[in-house]
1. What nm distance separates the two modelled labels at residue 34 and residue 57, each placed 7 Å from Cα along Cα→Cβ?
2. Can you give the FRET efficiency to the nearest 0.05 for residue 113 and residue 77, using r as the Cβ-Cβ distance and R₀ = 35 Å?
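Rule-based calculations on the coordinates, nothing more; no lab input. The shown structure was predicted, so the numbers you read here are calculated from the model rather than taken from an experiment. Cβ coordinates were reconstructed from backbone atoms using ideal geometry, including for glycine residues, and neighbour counts include every protein chain displayed.
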């Protein structure tokens, strides 16, 4: 049974107050629009799931996975969460603790690439000369 909204908010608030080392490193890198002007939030409840980080305008979730995420039962739970979020239109990017500690700028580059390729900042071009829209 899913948690009620106030329980989720309390859990998210508690998680924000006790971040893991790698969550704190990632947060320092992405907060205040440091990555291509993207606004990230941390420990965000989305449709009954508290995610590590989210850029809501681009419907992007970033999860940072510690060692426990290598356990088969946790991998199944993570996969179910990812599928659930995808069903609500969110794309989930998962990175290991090690990637955050050792390759943070590569992680940042992958996030930038996703946003640039998936959600271009420029609008679609106008229709060719003489083309008309459907009325």
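1. Result for the modelled spin labels: 1.8 nm.
2. 0.80
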